[in-house]
Amino acid sequence: MKIVAGPASQVLASRIAGELGCELLLSEFRVFPDGELYTRVHGEISGDVTIVQSTPTNTDLIHLMQLIDACDKAKRIDVVIPYFGYARQDKRFLSGEAVSSRAVAKAISADHVYTVNIHDENVLGYFNCTASDLNAAPAIGSKIKSLNLKSPIIIAPDEGAMNLVSSVSGDDFDYDVLQKHRISASEVEIKPKKLDISGKDVVIVDDIISTGGTIAEATKRLQEQNPGGRIYVACVHPVFVGNAVLRLMNSGVSEVFATDTIEHILGCTTVAGIIAAEFKE
Ligand code: R5P
């Protein structure tokens, strides 16, 4: 099998190729003067090819489509989209709206698509081929263990993150979800549903951190209940729009870490092994 790395996933693709001991084809990505994109895969495209490319931006999505087209001489094309953008636009809320995740999924043609902790698994059904979602939770759980925190509690910032948090915790950690109570028209109280966090380290885990608003708010509220308690933050997909990291640090977070589904300096927990395992004989 040969691996083709898209521009958004060069580090992760190299790690996967290293895990599998397979050839990594070099590619070229350029922008024409009018803004159109150019993609070329160098080397011999034959046999089974796996393309690895996250799609945090529209440009990355076009490169992915171009890479798939460039590999049309391959016997089989598997596509790994570690971070699948548009997955949060998974439903039609108002008449006339595009279900954007469906529109994007339909535009990707491959023999099999792999995603990692896609925001909504229903989106997998929109692809025209078989699709599977891989789980980065074991990698995040191992990273938390390596921090040697004192009886940490893993916290989901909302119900949507509960499955992920339960999977990250496994049998190793207690976990809980934040609950919002409205105190008055202008005041809300956010606290864990069941567990008392006093004197404990907390790790808030979410699938995506985009603007950082969700986690910054959760952090502030948790600190009000447990002043001085350390708060760590982990996510699978470090989208980190604008000043998201600063927002998190300003809210009092001790450390933020993420996986390498999106290339970011804080994305130090690799999912390469989890993806490579799918391709091992
Ligand atoms: C939402 O359902 C997601 O799981 C994340 O909680 C959300 O995308 C985070 O966005 P932000 O960082 O902008 O608050």
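Here, each number is a calculation from the coordinates, and none is a lab measurement. Small disclaimer: the values here were computed from a predicted structure and weren't measured. We place every Cβ from the backbone using ideal geometry, glycine too, and count neighbours over all the protein chains shown.
Roughly how big is the range 1-160's charge dipole about its Cα centre, with Cβ charges of +1 (Lys, Arg) and -1 (Asp, Glu), in debye to the nearest 20?
Numbers: 15 positive and 19 negative charges, 71 e Å.
Using Cβ point charges on Lys, Arg, Asp and Glu, the range 1-160 gives about 340 debye.
Would you work out the charge dipole size for the chain about its Cα centre, treating the Cβ of every Lys and Arg as +1 and the Cβ of every Asp and Glu as -1, and quote it to the nearest 20 debye?
On the way: 26 positive and 36 negative charges, 96 e Å.
Dipole magnitude for the chain comes out near 460 debye.
Antiparallel DSSP bridges in the range 128-281: what percent, to the nearest 5?
In the range 128-281, DSSP labels about 20 percent of beta bridges as antiparallel.
Taking Cα atoms, how many degrees apart are the long axis of helix 10-20 and the longest axis of the chain, rounded to 10 and kept between 0 and 90?
80
What number, in percent, do you get for the relative contact order of the chain if the mean sequence gap of Cα pairs under 8 Å and at least 6 apart is divided by its residue count?
Result for the chain is 15 percent.
Taking Cα atoms, how many degrees apart are the long axis of helix 58-70 and the longest axis of the chain, rounded to 10 and kept between 0 and 90?
30
Dipole size in debye (nearest 20) for the range 196-257 around its Cα centre, Lys and Arg Cβ +1, Asp and Glu Cβ -1?
Numbers: 5 positive and 7 negative charges, 31 e Å.
Using only the charged Cβ atoms, the result is roughly 140 debye.
Of the cross-linked pairs Lys2/Lys143; Lys193/Lys220; Lys91/Lys180; Lys2/Lys73; Lys143/Lys280; Lys180/Lys220, which ones have a Cα-Cα span greater than 19 Å in the structure shown?
Violating the 19 Å limit, Cα to Cα: Lys2/Lys143; Lys91/Lys180; Lys143/Lys280.
Go ahead and estimate [θ] at 222 nm for the chain from helices alone: -39,500 (n - 2.57) per DSSP H run with n ≥ 4, summed, over the residue count, rounded to 500.
On the way: 8 runs with 74 residues, N = 281.
About -7500 deg cm²/dmol.
How far is helix 137-146 tilted, in degrees, relative to the longest principal axis of the Cα atoms in the chain, given as a value from 0 to 90 rounded to the nearest 10?
For 137-146 against the chain, the angle is about 50 degrees.
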